[in-house]
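Visitor: Would you mind keeping the following structure in view while I ask a few things?
The values are calculated or read from the model by the stated rules, or taken from the named source; none is laboratory data. Keep in mind it's a predicted model, so treat the numbers as computed, not measured. Here the Cβ positions follow ideal geometry from the backbone for every residue, glycine too, while neighbour counts run over all protein chains shown. The protein model used for the area step is the full one, side chains on, heavy atoms only, and it has no ligands, DNA or RNA in it. Shrake-Rupley method; radii C 1.70, N 1.55, O 1.52, S 1.80 Å.
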Amino acid sequence: MNKITTLKKNSDFRRLYSKGKSYANPYLVLYCRRSPSPVGRVGYTVSVKLGHAVVRNRVRRRLREIYRLNRPALKNGWDIIVVARSRCVKARYEKLNSAFLDACGQLNLLRGEES
């Protein structure tokens, strides 16, 4: 099983927020930028404003699973940050999945799309 490389450093998050491309929809905001390494990394941001720890962890688990299942369809070598919005808490899994794929499509992160 391939291990997913995650963004952990605050400087990496700040670099993507300031210099990366972004796309927002009612459920999430996606930031992306070319990775310095050939392996892409992913980071998740779930604000305290969304709820207590149980709620935030549930949202984070769902977003991680959506990324894990859709990773083969994504291009390699991109750093991605997924920021959860308030509608993400009560959204159905299918809505979150389609919102993630829509954001990836808008940012040309899906394989088979022309840049």
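Visitor: Could you list, in sequence order, all residues of the range 1-23 that are within 20 Å of residue 73 (Cα to Cα) and modelled with pLDDT of 95 or more?
Guide: Within the range 1-23, 21, 22, 23 qualify.
Visitor: Further, regarding this structure: For the range 69-108, name all the residues that are in a loop (DSSP other than H, G, I, E, B) and closer than 23 Å to residue 47 by Cβ. Walk me through it before giving the result.
Guide: Taking the range 69-108 as the starting set, the residues that turn out to be in a loop (DSSP other than H, G, I, E, B) are 75-77, 85, 89-92, 107-108.
Across the range 69-108, the qualifying residues are 85, 89, 90, 91, 92, 107.
Visitor: Now a separate question. Between a residue in the range 34-54 that is assigned to a helix (DSSP H, G or I) and any residue that is of a type outside the set (Ser, Thr, Tyr), which pairs come within a Cβ distance under 8 Å, given they are 6 or more apart or on different chains?
Guide: 48/56; 50/56; 50/59; 50/84; 50/88; 50/89
Visitor: Looking only at residues in the range 74-90 that are open to solvent by less than 70 Å² (accessible area, probe 1.4 Å) and out of contact with any Cys (no Cβ under 8 Å at 6 or more places or on another chain), which one is farthest from residue 15 (Cα to Cα)? Steps first, please.
Guide: Taking the range 74-90 as the starting set, the residues that turn out to be open to solvent by less than 70 Å² (accessible area, probe 1.4 Å) are 74-75, 77-84, 88-89.
Keeping just the survivors that are out of contact with any Cys (no Cβ under 8 Å at 6 or more places or on another chain) gives 75, 77, 82-84, 88-89.
Values: 75: 20, 77: 16, 82: 14, 83: 15, 84: 19, 88: 25, 89: 27 Å.
Only one residue fits best here, namely 89.
Visitor: So if I check each of 40, 51, which one is of a type in the set (Gly, Ala, Ser), at pLDDT 95 or above and surrounded by 15 or more Cβ atoms within 10 Å (Cβ to Cβ)? Show your work before the answer.
Guide: On the way: 40 fails: at pLDDT 95 or above.
Answer to the selection: 51.
Visitor: Scan 23, 27, 67, 93 and give me the residue that is out of contact with any Gly (no Cβ under 7 Å at 6 or more places or on another chain), exposed (fewer than 15 other Cβ atoms within 10 Å of the Cβ) and among the aromatic types (Phe, Trp, Tyr). I'd like the intermediate steps shown before the answer.
Guide: Working: 23 fails: exposed (fewer than 15 other Cβ atoms within 10 Å of the Cβ); 27 fails: exposed (fewer than 15 other Cβ atoms within 10 Å of the Cβ); 67 fails: exposed (fewer than 15 other Cβ atoms within 10 Å of the Cβ).
Of the residues listed, the single one that is out of contact with any Gly (no Cβ under 7 Å at 6 or more places or on another chain), exposed (fewer than 15 other Cβ atoms within 10 Å of the Cβ) and among the aromatic types (Phe, Trp, Tyr) is 93.
Visitor: Let me ask you something else. For the structure I just gave you, tell me whether residue 101 is of a type in the set (A, V, I, L, M, F, W, C) and surrounded by fewer than 18 Cβ atoms within 10 Å (Cβ to Cβ). Steps first, answer last, please.
Guide: Values: of a type in the set (A, V, I, L, M, F, W, C): yes; surrounded by fewer than 18 Cβ atoms within 10 Å (Cβ to Cβ): yes.
Taking the combined requirement at face value, the residue satisfies it.
Visitor: Another question, then. Kindly evaluate residue 19 against the criterion of being among the charged types (D, E, K, R), under 17 Å from residue 108 (Cβ atoms) and free of Cβ contacts under 8 Å to residues at least 40 places away in the same chain.
Guide: Numbers: among the charged types (D, E, K, R): yes; under 17 Å from residue 108 (Cβ atoms): yes; free of Cβ contacts under 8 Å to residues at least 40 places away in the same chain: yes.
Spelling it out, residue 19 is indeed among the charged types (D, E, K, R), under 17 Å from residue 108 (Cβ atoms) and free of Cβ contacts under 8 Å to residues at least 40 places away in the same chain.
Visitor: In addition: Kindly list the number of the only condition in (1) closer than 23 Å to residue 19 by Cβ; (2) in contact with a helix residue (DSSP H, G or I) (Cβ under 6 Å, 6 or more places away or on another chain) that fails for residue 85.
Guide: The number of the failed condition is (2).
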